[in-house]
Amino acid sequence: EPAFDAETLRERALTTLVTARERTTLLTSCVEEPDLTAQISPLMSPLVWDLAHIGNQEELWLLRAVGGRDAMRPEIDGLYDAFEHPRSERPSLPLLSPEEARAYAAEVRGRVLDVLTSADFHGARLTEAGFAFGMVAQHEQQHDETMLITHQLRRGPQALTAPDPDPAPLFTGPAEVLVPGGPFTMGTSAEPWALDNERPAHRVDVPAFHIDTTPVTNGAYQAFIADGGYDDERWWTPEGWAHVRRTSLTAPLFWHRDGGQWLRRRFGVTEVVPPDEPVLHVCWYEADAYARWAGRRLPTEAEWEKAARFDPATGGSMRYPWGDADPSPEHANLGQRHLRPAPAGSYPAGESPLGVRQLIGDVWEWTASDFLPYPGFRAFPYKEYSEVFFGPEYKVLRGGSFAVDPVACRGTFRNWDYPVRRQIFSGFRTARSAAA
Ligand code: AVJ
Ligand code: FE
């Protein structure tokens, strides 16, 4: 790990905070006031809640914890504590108006810049390597992805636009690759801005397995639908089957059938489902059922991370599939540069040494694994980031979507959600154990 001087760390903290705020501003200024205060879906907060919550978390961690400042508006802390009020309750709270929320977040940010100037980056754990600044920038970017999900759920005309990814040359590589068996290093103790659940680095023995070279495409998923996959109990776990019956699922979220073809609604525009694009907006149960139909299974979290980080040349683990360099636009579809995943087989510069593509970016990938702590886990800096979610009710997703900023994306980064959720930018790839 390179050692950084205080100036470099200050610069990096500033850049990531500024980048996050530009995105937040875009996501909260491209619709009119009623769309900021309305609850678009009971699964989501009003956009204006996310905005003020971003400011409130920044105040808590950077002004109060790092800067030692007094609370600016102690009376609003409760409103923006995610654990005090479930999302469905948030629209009925006396929330700050869009104008007040913008002013509050801007006021916090102005004061944070003073704290940043005087921060000692070699001090206690919160400021060591600028951790708290990195954590807060990641937090804002995570809520930006959440707000982008709210935009996707919103009915009404298009509010956001972005160029499509470059068309990929037809991918002609193998459908799967063999990842050799043996131990590898999972998680990290070195990555300065890695969150608590990614730590510590530890050795895990992973038997040989095959994994898909690319995420599962819409075209492949349509074959599962056409084969009656949603009506065939054989492919589903008992919970998945109960869910698919109860909620009458027949296709990914946002899809509908029109005559002979599948259409989907995407950020206010209806389009024909593109067959080469990774499938998006499926829940864990659907991903798991598809894999069983295909004679395969979801990769475990350890398998996914080994495919993404293991370098057979050295036996070590890298930060990303392509090596240790920070992501650039040639490596992966990240950062909301596009409003959709790129066709399967894109980003040859981002492939792993074994030839696995698009592990980072495009779509979050469901894994077979429950969200559990690594051996030696220690909650930091607060239990409510990860610890309170550990257990069998959440499944792990890996790799990040087109809506994830590079600051919140690494080979070690862990996301989690309920197995029924599909408003998130979720897809998957499949795996199978190698014959013993
Ligand atoms: C890691 C995406 C599950 O959005 O609930 C945001 C991130 N934690 N604020 C979430 C998070 C606190 C978290 N996920
Ligand atoms: Fe949050």
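Kindly indicate whether Tyr374 is closer than 29 Å to Trp61 by Cα, out of contact with any Cys (no Cβ under 6 Å at 6 or more places or on another chain) and in a loop (DSSP other than H, G, I, E, B). So Tyr374 fits the description; yes. Of everything listed in (1) aliphatic (A, V, I, L, M); (2) more than 16 Å from ligand 2 (Cβ to nearest atom); (3) within 18 Å of Leu51 (Cβ to Cβ), the single unmet condition for Leu113 is (3).
From the list Ala162, Ala175, Ala137, which one is in contact with a helix residue (DSSP H, G or I) (Cβ under 8 Å, 6 or more places away or on another chain) and of a type in the set (A, V, I, L, M)? Exactly one residue qualifies, and that residue is Ala137.
Number of residues in the stretch 47-59 that are away from ligand 2 (no atom under 11 Å from the Cβ) and within 20 Å of the chain's Cα centre (by Cα) equals 2.
Residue count for the stretch 135-187 under the criterion of being among the β-branched types (Val, Ile, Thr) and within 16 Å of ligand 1 (Cβ to nearest atom): the result is 4. Does any residue of the stretch 68-79 turn out to be part of a loop (DSSP other than H, G, I, E, B), more than 16 Å from ligand 1 (Cβ to nearest atom), under 24 Å from the mean Cα position of the chain (by Cα) and not aromatic (Phe, Trp, Tyr)? No, that holds for no residue. Here the condition is being in contact with a Leu (Cβ under 6 Å, 6 or more places away or on another chain), assigned to a loop (DSSP other than H, G, I, E, B) and not hydrophobic (A, V, I, L, M, F, W, C); of His338, His281, His331, it holds for His281 alone. The set of residues from the stretch 306-326 being among the charged types (D, E, K, R) and either touching a residue at least 60 places away in the same chain (Cβ under 8 Å) or under 17 Å from Ile211 (Cβ atoms) (or both) comprises Lys306, Arg309, Asp311, Arg319, Asp326. Candidates Ala101, Ala137: the one that is crowded, with 16+ Cβ neighbours inside 10 Å, within 22 Å of Ile40 (Cβ to Cβ) and aliphatic (A, V, I, L, M) is Ala101. When restricted to residues that are among the hydroxyl-bearing types (Ser, Thr, Tyr) and either surrounded by 14 or more Cβ atoms within 10 Å (Cβ to Cβ) or in contact with a Gly (Cβ under 8 Å, 6 or more places away or on another chain) (or both), the stretch 144-171 contains 2. Looking at this structure, is Ala65 surrounded by fewer than 22 Cβ atoms within 10 Å (Cβ to Cβ) and within 16 Å of ligand 2 (Cβ to nearest atom)? Considered against the rule, which asks whether it is surrounded by fewer than 22 Cβ atoms within 10 Å (Cβ to Cβ) and within 16 Å of ligand 2 (Cβ to nearest atom), Ala65 comes out as yes.
Scanning the stretch 387-404 for residues that are part of a loop (DSSP other than H, G, I, E, B), surrounded by fewer than 24 Cβ atoms within 10 Å (Cβ to Cβ) and either small (Gly, Ala, Ser) or within 16 Å of ligand 2 (Cβ to nearest atom) (or both) turns up nothing. The condition (being assigned to a helix (DSSP H, G or I), surrounded by fewer than 16 Cβ atoms within 10 Å (Cβ to Cβ) and more than 14 Å from ligand 1 (Cβ to nearest atom)) is satisfied by just one residue among Glu59, Glu89: Glu89.
Out of the residues in the stretch 116-134 that are outside any loop (DSSP other than H, G, I, E, B), closer than 24 Å to Asn415 by Cα and of a type in the set (A, V, I, L, M), which is nearest to ligand 1 (Cβ to nearest atom)? Among those that are outside any loop (DSSP other than H, G, I, E, B), closer than 24 Å to Asn415 by Cα and of a type in the set (A, V, I, L, M), it is Ala132.
Residues checked against (1) among the polar types (S, T, N, Q); (2) part of a helix (DSSP H, G or I); (3) in contact with a strand residue (DSSP E or B) (Cβ under 9 Å, 6 or more places away or on another chain); (4) at pLDDT 95 or above:
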site: Gln222; (1), (2), (3), (4): yes, yes, yes, yes
site: Ile225; (1), (2), (3), (4): no, yes, yes, yes
site: Trp241; (1), (2), (3), (4): no, yes, no, yes
site: Arg245; (1), (2), (3), (4): no, yes, no, yes
site: Ala287; (1), (2), (3), (4): no, yes, yes, yes
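The test for being within 26 Å of Asn197 (Cα to Cα), surrounded by fewer than 19 Cβ atoms within 10 Å (Cβ to Cβ), touching a residue at least 60 places away in the same chain (Cβ under 8 Å) and among the charged types (D, E, K, R) holds for Arg297. Across the stretch 29-46, the qualifying residues are those that are away from ligand 2 (no atom under 15 Å from the Cβ) and of a type in the set (S, T, N, Q), and the one among them that is farthest from the chain's Cα centre (by Cα) is Thr37. Of the residues making up the stretch 414-436, those that are more than 16 Å from ligand 2 (Cβ to nearest atom), assigned to a loop (DSSP other than H, G, I, E, B) and out of contact with any Ser or Thr (no Cβ under 6 Å at 6 or more places or on another chain) are Tyr418, Pro419, Val420, Arg421, Arg422, Gln423, Phe428, Arg429, Thr430, Ala434, Ala435, Ala436.
The values are calculated or read from the model by the stated rules, or taken from the named source; none is laboratory data. Quick caveat: nothing in here was measured; it's all calculated off a predicted structure. Counting neighbours? That spans all protein chains shown, and the Cβs are built from the backbone with ideal geometry, glycine included.
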